[in-house]
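Written out below as structure tokens is the structure these notes cover.
The values are calculated or read from the model by the stated rules, or taken from the named source; none is laboratory data. The structure displayed is predicted, hence computed values, not measured ones. In this analysis, Cβ positions are derived from the backbone assuming ideal geometry, glycine residues included, and neighbour counts consider all displayed protein chains. Heads up: the accessible areas ignore ligands, DNA and RNA and are worked out on the full protein's heavy atoms, side chains in. Shrake-Rupley method; radii C 1.70, N 1.55, O 1.52, S 1.80 Å.
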Amino acid sequence: GLVPAAIIARELGVRNIETICIASYHEYKDQGELQVIKNISADLIKESGGKGAGILVIDDLTDTGATAKKVREILPDAHIATVYAKPTGVPMADTFVTEVSQDTWIYFPWDMEMSYVEPISGKRDG
């Protein structure tokens, strides 16, 4: 969800961005057990009254809704917005742009190879 979150942050003029990192897809193809890789800042949770009031959570997709459900456990009052929503995940999103069928695989423009591709490392001068 970082790419859509960056676009929304730019459009809203938001500069204070926090992440919660939850993995449900492994090797970019198989959905498996949820793993919270990085939790949200305890300070941000405290600032939101302990429940996420006033926090906008952006994700690229709600599929089964499991990831959004985990976010709701941590931030029950946050607003969850996604680009795509599948029928099983729709109830977990407050806002979404497009609903797609449950069996649709989304190919995002920032992840368009048909198989896993190692990230580019290093920086180019210029």
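Worth a mention:
- Take each peptide in 64-76, 90-102, count the other Cβ atoms within 10 Å of every residue, and average; sorted highest first, the result is 64-76, 90-102.
- Taking all protein chains together and rolling a 1.4 Å probe, TYR107 ends up with roughly 110 Å² accessible.
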